[in-house]
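**Student:** Have a look at this one before I ask anything.
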């Protein structure tokens with residue numbers, strides 16, 4: 001799991017900002033939200049332009065050079081902070097896998113230009129590469145015959161090169177390395193509207209209707225909509241060689257997406273990814289409920305809570321969701337002034353199950369600092 005993430009000089013983050021998921025509080029309720037000593041589900045709040053979307057892009061920058069999965073490269077224009085003093089952005093990830101710690105750090109001048117890269121497992125640096133000097137080392141068993149250098153104009157990550165070109169010896173250190181690579185390979189970021197796309201997890205484009213139909217989930221999708229007050233009689237249909245979802249009415253059948261509201265289309269997109277989330281490692285949904293009413297937002301969050309073994313974080317402006325009935329104080333994060341902290345760390349008051357978190361938030365109770 002991702003334990004901690006830091007970034008500096010990337011887009012709106014001129015100074016270093018740290019998203020720490022490895023310091024959960026000792027609450028006795030909603031203990032299922034803490035897995036492997038890390039927060040596994042959370043909601044991120046912040047005013048417009050505070051950096052919620054950029055935080056997601058920063059976390060997912062890792063997939064742009066370590067995987068072959070879908071990349072939102074156009075979203076990484078103006079990569080460096082415009083007022084920054086450094087000529088590169090710095091990223092640091094701390095992962096935890098069955099008690100083993102992986103620290104991955106790198107510097108970039110643009111989304112496709114690495115400057116330096118380092119990977120450590122249990123405090124031992126096992127891969128290092130300086131792209132400016134074209135020198136480095138690899139200390140994983142099974143990599144002894146690899147070329148010690150990569151040409152300076154090669155865009156390939158040293159870590160990715162090792163993973164793709166080595167037959168690693170079977171030992172704990174290499175197993176942890178493979179766990180790390182698999183985790184990154186299954187990270188997923190998506191937006192609440194289909195036109196804004198997704199990043200990570202898989203490659204290529206697939207229509208929402210096509211994905212739901214081909215997964216054999218039409219009836220489950222119909223039940224999902226019904227649970228949220230949207231009643232349609234749905235069935236799969238092939239149109240011009242592509243799978244579609246049609247609605248049956250007494251007088252005429254019609255394509256589901258021709259009559260679905262913006263909110264219902266957004267819900268369909270959510271369901272498309274929801275049925276794939278069990279195979280994900282880390283999910284970031286930006287403005288997940290931009291087109292939902294409160295009850296629907298709460299219903300979706302409750303569904304996300306039930307997914308075990310996957311870290312899932314959403315961004316929203318909906319303070320109605322800030323409740324101990326849904327999550328707990330160390331799972332609600334506020335992003336402001338280039339800092340992101342759980343609300344449990346923003347007050348000296350001991351937060352209990354009976355506290356009204358939304359009321360406290362609106363009263364300014366979380367305006368303090370850690």
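**Student:** Mind checking the full-extension length gain between residue 359 and residue 203? Use 0.36 nm per residue of separation minus the Cα-Cα distance, one decimal, nm. Working shown, then result.
**Tutor:** Values: separation 156, 0.36 × 156 = 56.16 nm, distance 4.28 nm.
Stretched fully, the residue 359-residue 203 segment lengthens by 51.9 nm.
**Student:** Below 8 Å between Cα atoms, with a sequence gap of 6+, how large is the relative contact order for the chain in percent? Kindly include the intermediate steps, with their values, before the conclusion.
**Tutor:** Numbers: 667 pairs, mean separation 71.8, N = 370.
In percent, rounded to a whole number, it is 19.
**Student:** What does the helix-only formula give at 222 nm for the chain: each DSSP H stretch with n ≥ 4 adding -39500 (n - 2.57), the total divided by the residues, and the result rounded to the nearest 500 deg cm²/dmol? Walk me through the numbers on the way to the answer.
**Tutor:** Numbers: 10 runs with 88 residues, N = 370.
After summing the helix terms and dividing by the residues of the chain, the value is -6500 deg cm²/dmol.
**Student:** Right, next: Which percentage, to the nearest 5, of the DSSP beta bridges contained in region 235-354 is antiparallel? Walk me through the intermediate numbers first.
**Tutor:** Working: 11 of 15 bridges.
If I count the DSSP bridges inside region 235-354, around 75 percent turn out antiparallel.
**Student:** Could you work out how far helix 262-274 tilts from the main Cα principal axis of the chain, as a 0 to 90 degree angle to the nearest 10?
**Tutor:** 50
**Student:** A follow-up question, please. So what's the Cα pair-distance distribution over the chain, bin width 10 Å, in %?
**Tutor:** All Cα pairs, binned at 10 Å, distribute as 5, 22, 30, 24, 14, 5, 0, 0 percent.
**Student:** I've got another one for you. Please report the base-10 log of the normalised intensity I(q)/I(0) for region 217-370, using a Debye sum with one equal scatterer per alpha carbon and no solvent, at each q in 0.11, 0.16, 0.18, 0.19 (1/Å).
**Tutor:** Scattering profile of region 217-370, log10 relative to I(0): -0.55, -0.95, -1.12, -1.20.
**Student:** Looking only at 220, 298, 35, which one moves most when the chain is put into a Gaussian network model with springs between Cα atoms under 10 Å?
**Tutor:** The residue that fluctuates most here is 220.
**Student:** Using the scaling law 2.2 N^0.38 Å as the reference, what is the normalised Cα Rg of region 208-266? Before the final figure, lay out each step's value.
**Tutor:** Values: Rg = 10.9 Å, N = 59, 2.2 N^0.38 = 10.4 Å.
Region 208-266 yields a ratio of 1.05.
**Student:** Give me 129, 27 ranked fewest to most by other Cβ atoms within 10 Å of their Cβ, as a rough exposure proxy.
**Tutor:** Ranked by crowding around the Cβ, least crowded first: 27, 129.
Computed from the coordinates by the stated procedures, all read-outs in this text should not be read as laboratory data. Because the structure is a prediction, the values reported are computed rather than measured. Reconstructed Cβ throughout: ideal geometry from the backbone, glycine too, with neighbour counts over all protein chains shown.
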